[in-house]
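Data block below; observations after.
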Amino acid sequence: MTDEPLLRVSALSKFYGSRVGCENVTFDLWPGEVLAVVGESGSGKTTLLNCLSTRLLPSSGTASYRMRDGQWRELYRMSEAERRFLMRTDWGFVHQNPADGLRMTVSAGANVGERLMAVGDRHYGRIRATAVDWLSRVEIDEDRIDDEPRAFSGGMRQRLQIARNLVTGPRLVFMDEPTGGLDVSVQARLLDLLRGLVTDLGLAAIVVTHDLAVARLLSQRMMVMKDGRVVESGLTDRVLDDPRAPYTQLLVSSILQV
Amino acid sequence: MATPLVVSDVAKSFTMHLRDGVTLPVVAGVSFSIRAGECAVLGGPSGAGKSSILKMLYGNYAVDEGQIIVQHGDGLIDLASASPRTVLSVRRHTIGYVSQFLRTVPRVSALDVVAEPLVERGGDRETARAKARSLLAQLNLPEKLWALPPATFSGGEQQRVNIARGFITEHPILLLDEPTASLDARNRDVVVELIAAKKAAGVALLGIFHDLDVRDAVADRVIDVTAFAAGKIAA
């Protein structure tokens, strides 16, 4: 851990006409830290994630990112090309639906290799070797490397999407409901995999989820959102074990005990 | 002698917003300190707030009032008002915690569950595993279980994994929430030995023990939590 954050977000708001997407969100994210953003549908968590990853531009507020050379850059003042370069190299974005993050009609190996080529690697043998290595890290057999993700199960697609995102060694990964829509057993495997990768690679991540168990397992810090605003934030286990805001208490008390 | 933990005038209540904002006072005016090399025990009946005090000292419960001063690295910090990031750093380096129950993670072996806190502190994985093996052996956990995830273990087996995980690091402060609750006599004695070794190493320990034999064997001092009953102060 260094003493400087990786991302600084200040008073970020996004309005859709007169409707609030998210309002006045402020936080810092440090290298190696996983922040969970929780809340029900429509609470603004995905809007926030899309603003942070510059897929959407906010109505007001700032977000600064510390580049690999140590320079701070204001995200919303970068050119479109610079943002796209950041997105392809230093960042990852794991979508809830793998089809949104994968190219479904090219092979698994090409899905992983494409990101490497985007950062300038041109050596076919090396790209393929790295792809094989990453497929095995996400527990996909090597003999599936030439198959298209269309032929994969939901859980495998999600693991492939994770490999595609992590192959360039990003420092910050955005995840939108990464385990949503998967069977519980598949979810557990994926969570365990994500948890291991995040720890081993020292990734910083912002994970949007409505599942408090996912937040507990993956994140150290948590923000609870309602109606576009952050109603409570803090250490994940503190927020879940001693929720203070009325809405957080409602969320925590609504978890089904198995 | 050094005093790595000083608690002064700490108060805690729960406000139940789903129950019309009813406030449940838990404790108030909690003040005590723990010296290096001593084991203090929180005493009092169930519901007196013993666990809540431990959880506040670990940053797991928020603190309404008061200060928790901890010797962290070269400085002192107030855990009651510290940022989440500082609390995480305190947990990594200064305060260890053995909870009553093990929170298991799917697919991680007992050995790695135990080794993890050392690896997190930047230790070498193989060294950490070697230390984990020796602790699990000391706690008489059958070797055939080490490679398995502890989710399916019995209560006593999980408890021993939990204890090994808590004792593997060299945190200068160690909090123990009923570590011997589900152990047989032989393993209770092992825990008593482990605690004695921590004391000899200059660790400040604070624990909850319902088992009177264990308590008598480890406690240098009992802190009576009923003295901090929230109602008393308010009345």
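The values are calculated or read from the model by the stated rules, or taken from the named source; none is laboratory data. Predicted model only: the values in this text are computed from it and were never measured. Cβ sites come from the backbone with ideal geometry, for glycine too, and all protein chains shown count toward neighbours.
Of note:
- The one condition in (1) assigned to a loop (DSSP other than H, G, I, E, B); (2) within 25 Å of A:Leu6 (Cα to Cα) that A:Arg244 fails to fulfil: (2)
- Test: A:Leu194 is buried (at least 17 other Cβ atoms within 10 Å of the Cβ), within 10 Å of chain B (Cβ to nearest Cβ), in a helix (DSSP H, G or I) and without any contact (Cβ under 8 Å) to a residue 40 or more places away in the chain: no
- Note on the stretch A:219-245: residues that are in contact (Cβ under 8 Å) with a residue 60 or more places away in the chain, more than 7 Å from every other protein chain (Cβ to nearest Cβ) and within 16 Å of A:Thr209 (Cβ to Cβ) amount to 9.
- Hey, B:Thr226 polar (S, T, N, Q), outside any loop (DSSP other than H, G, I, E, B) and touching a Gly at 6+ places or on another chain (Cβ under 6 Å) or not: yes
- The residue list B:Arg133, B:Arg160, B:Arg107, B:Arg129 contains one member that is touching a residue at least 12 places away in the same chain (Cβ under 8 Å) and on the phi > 0 side of the Ramachandran plot, which is B:Arg107.
- All of B:Gly47, B:Gly37, B:Gly66 fail the test of being at pLDDT 95 or above, within 19 Å of the chain's Cα centre (by Cα) and on the phi > 0 side of the Ramachandran plot, apart from B:Gly37.
- From the list B:Ser52, B:Ser8, B:Ser13, B:Ser31, the lone residue that is of a type in the set (S, T, N, Q), over 17 Å from the mean Cα position of the chain (by Cα) and within 13 Å of chain A (Cβ to nearest Cβ) is B:Ser13.
- Filter result (among the small types (Gly, Ala, Ser) and more than 14 Å from chain B (Cβ to nearest Cβ)) within the stretch A:198-214: A:Ala205
- Any hit, the stretch B:171-182, residues being among the acidic types (Asp, Glu), closer than 18 Å to B:Ala201 by Cβ, in contact (Cβ under 8 Å) with a residue 12 or more places away in the chain and in a loop (DSSP other than H, G, I, E, B): no
- Residues that are more than 23 Å from A:Gly109 (Cα to Cα), buried (at least 21 other Cβ atoms within 10 Å of the Cβ), in contact (Cβ under 8 Å) with a residue 24 or more places away in the chain and among the charged types (D, E, K, R) do occur in the stretch A:170-189, at least one of them.
- Selection count, the stretch A:9-42, where residues are within 14 Å of chain B (Cβ to nearest Cβ), among the hydroxyl-bearing types (Ser, Thr, Tyr) and either at positive phi or out of contact with any strand residue (DSSP E or B) (no Cβ under 6 Å at 6 or more places or on another chain) (or both): 0
- Residues being farther than 18 Å from A:Leu251 by Cβ and part of a loop (DSSP other than H, G, I, E, B) - total across the stretch B:1-22: 5
- Lone qualifier among A:Pro5, A:Pro58, A:Pro31 - being over 19 Å from A:Pro170 (Cα atoms) and assigned to a loop (DSSP other than H, G, I, E, B): A:Pro58
- Filtered by the rule that a residue be in a helix (DSSP H, G or I), charged (D, E, K, R) and touching a residue at least 12 places away in the same chain (Cβ under 8 Å), the stretch B:208-223 gives B:Asp213, B:Arg215.
- Qualifying residue in the stretch A:246-258 (condition: touching an Asp or Glu at 6+ places or on another chain (Cβ under 8 Å), away from chain B (no Cβ under 13 Å) and more than 26 Å from A:Phe152 (Cα to Cα)): no
- Selection status of A:Thr199, under 23 Å from B:Ala151 (Cβ atoms) and not in a helix (DSSP H, G or I): no
- The stretch B:94-109: number of residues that are over 14 Å from the mean Cα position of the chain (by Cα), farther than 20 Å from A:Leu240 by Cα and more than 10 Å from every other protein chain (Cβ to nearest Cβ): 1
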